[in-house]
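Remarks on the structure that follows.
Only the coordinates and a few stated rules stand behind these numbers; no lab work does. Fair warning: this is a prediction, and the values are worked out from it, not measured in the lab. With ideal geometry, Cβ positions are generated from the backbone for all residues, glycine too; neighbour counts draw on all protein chains shown.
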Amino acid sequence: MSFKKGLEIFLVFALLQVLVWPLAAQIKLEVKEHVLSNGLKILMIPKPGVPRVVCHIYYKVGSINERPGITGIAHVHEHMMFKGTKIMGVTDFAADDAINKKIDELMDKIYREKYWKRNGDQQKIAEWQKQAEELMKEEKKYIIKDHLWETYMKNGGTGLNASTSDEVTGYYVTLPANKVELQMLLEADRMMNSYFREFYSEKDVVMEERRLSENRPGYFFSEQVRAVFYTASPYHWNVIGWMDDLKKMTKRDLIEFHNKYYVPNNAVAVYVGDFKPEEIIRLAEKYFGPIPRGEDIEPIRTSEPPQYSHKRMYGTGPGMPYLQMWFHIPPEGDPDVPALNILASILSGETGRLNRTLVQQKDVAIRATAMSRPQWYVGAFTFNVIPKLQKGINPEDLEKDIWEELEKVKKEGVTEEELQKAKNKTEATFIRSLESPMFLAMRVGRAELNRGWRSLIEDLEAMKKVTSDDVKRVATKYFVRDNCLVAIYSRGQGR
């Protein structure tokens, strides 16, 4: 062997060691905890260096905490948390409050006339609506638009945002290290003193948001697929909620929702960056500490019953045709979840089984993916395949191919090479997510509200132990027709 060839082999081997070694090392999360007497948990991850701090606060509330009649309220509430308090977003609170009470009185009359009666008096509704709109115009002279965002920006804040999911609502901002006190003051004020001015116009904004979604081809079909798959649990509806509920949602509904879920014992505050933990604790005690503890929140009662029967749905519209197959799987933390997650990784991706077989070899699809989505209370494993229409392939033609791939897994399992590749990919993705202070705060905060932040490492270690036999076992257990919903969307008339 030549010296040059030997050197090349050595360098390749050294590079492989560099790539593999970090994945083999034990990953640790250095999280410091402090719990206030009112139940608010503070999680701190010091990262000395750049003098900035990622400040997140998460509430254990999302669309699954809603009920028929107020679906979408968690998302509406997220919007309303930017509408100010008694000291934010307003120049004269007393004057603004007086106008708001008149608006609420009129809107309550409109609501009863419009929705409580079969044939309400349209003339009265129009008259009251006109009066309410005049008051809303008058109120604008007291409102300071974007007051929260401008206050943060003037103090070096970036990334002010919020999000609502099925289980969690989060509020985010990144600040200079010496401005964290501002975040605590403002977030404590929002938690305890939110004042939902402009509720009715902001509700219109959310309804318009839903209308824009409805204009996307296939939206209604996708919404119905979810509703049919989750028959009993509150995962039945999307985070945006049903339009009928958005129309009929009241400010009283919103206030009751806020008072129940936006309490310190239902929240976690996360800080990642350059700070001293003792200073974060001191400030948290000062600003969040005085907020009264709320009632303990009961977990959702209704989970998802066994399906017992094969389900099929058909829809048509102007969108891209596709085949979806949904299977019920357990929620986060179940021993079967790591193997299901690994299987999804093996099936998906450019070099995954589905792409290799359906796209490259058989040439019947232009895309084929699988996703494992264990959630807090229920889970779903989904397949999404887009047929190659130019070859005359229809969505339903691909169903047999998916079942064939699943039967192979049930009988043969997966190879050691596939298994290790999926594990390396999963671990590498996890490590990369920890490098970003924002994503680190997000992962830690959300995990804490469910099974605790340590579950992130526990799940990673469980993933490493998955075997081919584990994959075969879960495939046999969950991928059966009586646990499956097949959804076929074809091109044609419809939405």
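Summary table
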read-out: Residue order, fewest to most beta carbons within 10 Å, for 484, 55; value: 484, 55
read-out: Calculated FRET value between residue 362 and residue 429, using beta carbons and R₀ = 35 Å, to 0.05; value: 0.75
read-out: The chain: relative contact order as a whole-number percent, Cα under 8 Å and 6+ apart; value: 22
read-out: Whole-Å distance, taken between Cα centres, linking segment 64-123 and segment 406-464; value: 42
read-out: Aspartates and glutamates whose Cα lies under 14 Å from that of residue 47, excluding same-chain neighbours fewer than 8 positions away; value: 30, 274, 435
read-out: Selection from 51, 287, 221 lying farthest towards where the dipole of the chain points positive, charges on Cβ; value: 221
read-out: Listed residues 445, 466, 261: farthest to the positive end of the dipole of the chain (Cβ charges); value: 466
read-out: Lys, Arg +1 and Asp, Glu -1 on Cβ, resulting dipole of segment 311-491 about Cα centre, debye, nearest 20; value: 340
read-out: Relative frequency of Cα-Cα separations exceeding 19 Å in segment 311-491, percent; value: 60
read-out: Among the listed pairs 179/248; 60/179; 276/465; 102/154; 362/410; 102/286, those beyond 32 Å (Cα-Cα); value: 179/248; 276/465; 102/154; 102/286
read-out: Segment 311-491, relative contact order in percent, only Cα pairs under 8 angstrom and at least six apart counted; value: 39
read-out: Gain in span if fully extended, residue 178 to residue 138, counting 0.36 nm per residue against the direct Cα distance; value: 10.5 nm
read-out: Which of 343, 394, 379, positive extreme of dipole for segment 311-491 (C-beta unit charges); value: 394
read-out: Proxy reagent accessibility, fewest Cβ within 10 Å first, across 255, 42, 110; value: 255, 110, 42
read-out: Hypothetical label at residue 312: residues of segment 478-492 whose amide nitrogen lies under 18 Å (7 Å Cα-Cβ projection); value: 480-491
read-out: Cα-centre dipole for the chain with unit charges at Cβ (Lys and Arg positive, Asp and Glu negative), debye to 20; value: 700
read-out: Separation of alpha-carbon centers, segment 248-326 and segment 144-208, rounded to whole Å; value: 16
read-out: Residues 144, 342 arranged by fewest to most Cβ contacts within 10 Å; value: 144, 342
read-out: 39 Å tail of the calculated P(r), the chain, as % of Cα pairs; value: 36
read-out: Rounded to the nearest 20 debye, dipole of segment 66-181 from Cβ charges on Lys, Arg, Asp, Glu; value: 260
